[in-house]
Amino acid sequence: VQLQAFGGGLVQAGGFLRLSCAASGSSINGWIVAWYRQAPGKQRELVAVLTSERTDYVDSVKGRFTTSRDNAKNTVYLQMNSLRPEDTADYFCKTRRFGSSRQYWGQGTLVTVSS
């Protein structure tokens with residue numbers, strides 16, 4: 001499985017972006033997909049998790065970010081609204097089949113939020 005994350009960019013505080021994580025090589029329908037971010041000088045942080053049954057978010061993005069999937073496009077999205085400067089980071093997607101420990105990472109896409 002190969003993942004390609006894209007959709008990052010420069011946006012003003014209060015704005016929005018939608019990140020995409022497109023999978024190829026295999027369908028990820030029903031797989032667990034997680035979004036992470038890493039700000040300069042900081043550790044990678046789990047932002048959101050999407051399974052076939054639920055979604056979970058880190059407290060700092062609850063109510064602002066939404067993750068969803070389009071099975072027909074084999075793509076997972078991260079809709080980010082009300083962006084804040086502290087959301088500035090490289091954003092990554094990761095997936096694994098439920099019950100498997102093998103993980104697949106996409107490359108990062110940079111989100112920069114200006115104040």
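The values are calculated or read from the model by the stated rules, or taken from the named source; none is laboratory data. Just so it is clear, the model here is predicted, and its values are computed rather than measured. Note: ideal-geometry Cβ built from the backbone for every residue, glycine included; neighbour counts use all protein chains shown. Please note that ligands, DNA and RNA were not included when accessible areas were found on the heavy atoms of the full protein model with its side chains. Shrake-Rupley method; radii C 1.70, N 1.55, O 1.52, S 1.80 Å.
Here are some notes:
- Surface share of carbon and sulfur [accessible, 1.4 angstrom probe, percent] for the chain: 47
- Across region 1-109, the mean sequence separation of Cα contacts (distance under 8 Å, 6 or more residues apart), normalised by length, yields a relative contact order of 36 percent.
- For THR55, the accessible surface of its heavy atoms amounts to roughly 60 Å² (probe 1.4 Å, protein chains only, rounded to the nearest 10).
- Per residue, region 14-79 exposes 53 Å² of solvent-accessible protein surface, assessed with a 1.4 angstrom probe and all protein chains in place.
- Size of charge dipole - region 18-74 - debye, nearest 20, with Cβ of Lys, Arg +1 and Asp, Glu -1, no other charges: 200
- Relative contact order computed over region 23-64 (Cα-Cα under 8 Å; 6+ residues apart), in percent: 30
- In straight-distance terms, cross-link reach from LYS73 covers every one of the lysines whose alpha-carbon lies under 27 Å from its own, apart from those fewer than eight places away in the same chain; here that gives LYS62, LYS94.
- Cβ-derived FRET efficiency at R0 30 Å, GLN12 paired with ASP56, nearest 0.05: 0.60
- Length released on extending from GLN2 to GLN107, taking residue separation times 0.36 nm less the Cα-Cα span: 36.8 nm
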